[in-house]
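Below is one structure, written out as structure tokens; comments come after it.
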Amino acid sequence: MSPQLTLQTPLELPPSEVSNYLNQLWSRDQASSIGAHTFCLLIWQPAWVEQQLVRTGRIEGPIVGVQRDEVEEAGRKAILELDLPLSTPPLGSSVSNSLAKVDGSKTSDDLRGQHVDGALSTLRPRRLITLAPSLDSTRPLETLVAAYCPLPEEGGGTVACGDVVVLRGGTKALQEGLNTLQPLLPDDLPSWVWWNGPLDESPELLEQLSISPRRLILDSALGDPSYCLNLLATRLASGQAVNDLNWLRLGSWHQTLAMVFDPPHRRDALSHVVQLDIDVEGDHPVQGLLLASWIADRLGWTLKETGRHDSKTGDSDISGMFQRPDGTEVPLRVSPVPMGQPSIHPGQIVGLRMISKPEHGGAMCVILCAESGGCMRLEAGGMASMELVEEVVPLLHTHVEADMARLLEGGHDSSNPLLAAAAPLAAKLLS
């Protein structure tokens, strides 16, 4: 579904006048004004890679801040040109940081916040507020306002309109302009904060934006792994409603693994797991650690020790030792695997191997593989004497806006209890 522009050319206003303007726009005295009574979404939208690609002339503008194929393809070309590892995610910080060292001064229109993704517009948000930081850290604050309605074919009946507010400028200017936000978030509507960037950039700004009772949406695949997991665990422990897009993408792995052990003759094997191995793309292990922690929590395992060691390729494996309720130890290893065509989301799982040895009956090896990678690496090591169960995990190849729409569509006014149990355990595995 293609993104759409706002109905009108955004009006630039002084920050102090934005609230009054919006109140007049949706005044109940205007019978023709139908404002959606749904939710407000506050978005941190840096789009650093897209900004750098435009600045260096690798793609044409305008800058829209929406994940799209053109930006992904240009990011992959930049990885080759800048001699970055092939397993580098095309929209990651490594690409933007490397491009920042390349000469270029091309400019373009910046339409972030005005370019509403179709997947989000179908949910009829009442208000979209976008914070669009500029590469120029000294750029002063600009505040733009416009009305917005979904296209009729998307609305499916009565069109409920909303508005967009864009705060654009250097990070310091944006931080100084945060006092204009509170009047723009009605008390009678749920407010979400979507931090659509690395979690370890501008931590003070994230803290200010995501105050309770605002609901926080983040992506633990973006940023330093330890920082991501500790932030996730801390926010969940505080009782704030937190949702993680990286956890959302694990849904297919949860479902496939559950289906493998659904037949009655396999259920006893869950109580006799003796080994767990997970392969992830590149050097961002968070998703693999979250899956391992979910398995450990569901099976009642206790974490006894953790560690790291360098593999023969020079990559750092993460190891752990769990203990089953019957006292048997279960080793875990999360290993980085180089990928020539990595996902746009860092650290996606490539494969999982779980070995079980019941007291009565033969040993069983379960191997799950992503569509992007084969199972051969996990098939090594004495599998011939075991019952081998292999499944390919169906994955949704979607941009982050589609993931956001899936999450928002479900409501989620509280944290996922399974995530709340897994995140602290995953953080301990990296401590």
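Since every read-out is calculated from the coordinates, none of them should be taken as a lab result. Not measured: the values here are computed from a predicted model. Cβ coordinates were reconstructed from backbone atoms using ideal geometry, including for glycine residues, and neighbour counts include every protein chain displayed.
So the values come out like this:
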item	result
For segment 173-216: rounded, prolate or oblate by the Cα gyration tensor [a/c cutoff 1.5]	oblate
Test item: Cα-centred dipole of the chain, Lys/Arg +1 and Asp/Glu -1 on Cβ, debye	460
Residue-span extension gain [Ala237 to Gln323] - 0.36 nm each, minus C-alpha spacing	28.5 nm
Approximate spin-label separation Leu178-Glu81, in nm, with each point projected 7 Å along Cα-to-Cβ	3.6
Stretch gain in nm, segment Thr9-Glu359, where the contour uses 0.36 nm per residue and the Cα spacing is subtracted	119.0 nm
Computed [θ] at 222 nm, helices only, for the chain once each DSSP H run of length n ≥ 4 contributes -39500 (n - 2.57)	-8000 deg cm²/dmol
Three-way shape label, segment 62-188, alpha-carbon gyration tensor, a/c 1.5	oblate
Cysteines in the chain lacking a second Cys C-beta under 4.7 Å	Cys40, Cys228, Cys365
Rough spin-label spacing in nm, given labels placed 7 Å along Cα→Cβ, for Ser108 and Ser212	4.2
Gain upon complete extension [Val392, Leu303; 0.36 nm per residue less C-alpha separation]	29.2 nm
Listed peptides 59-70, 297-308 by packing density, highest first (mean Cβ within 10 Å)	59-70, 297-308
Rough spin-label spacing in nm, given labels placed 7 Å along Cα→Cβ, for Leu135 and His254	3.9
Charge dipole (the chain, unit charges on Cβ, about Cα centre) - positive-most of Ser87, Ser316, Cys369	Ser316
Sequence ranges 86-99, 132-145, ranked by mean other-Cβ count within 10 angstrom, highest first	86-99, 132-145
Expected-Rg normalisation [2.2 N^0.38 Å, Cα atoms] applied to the chain	1.06
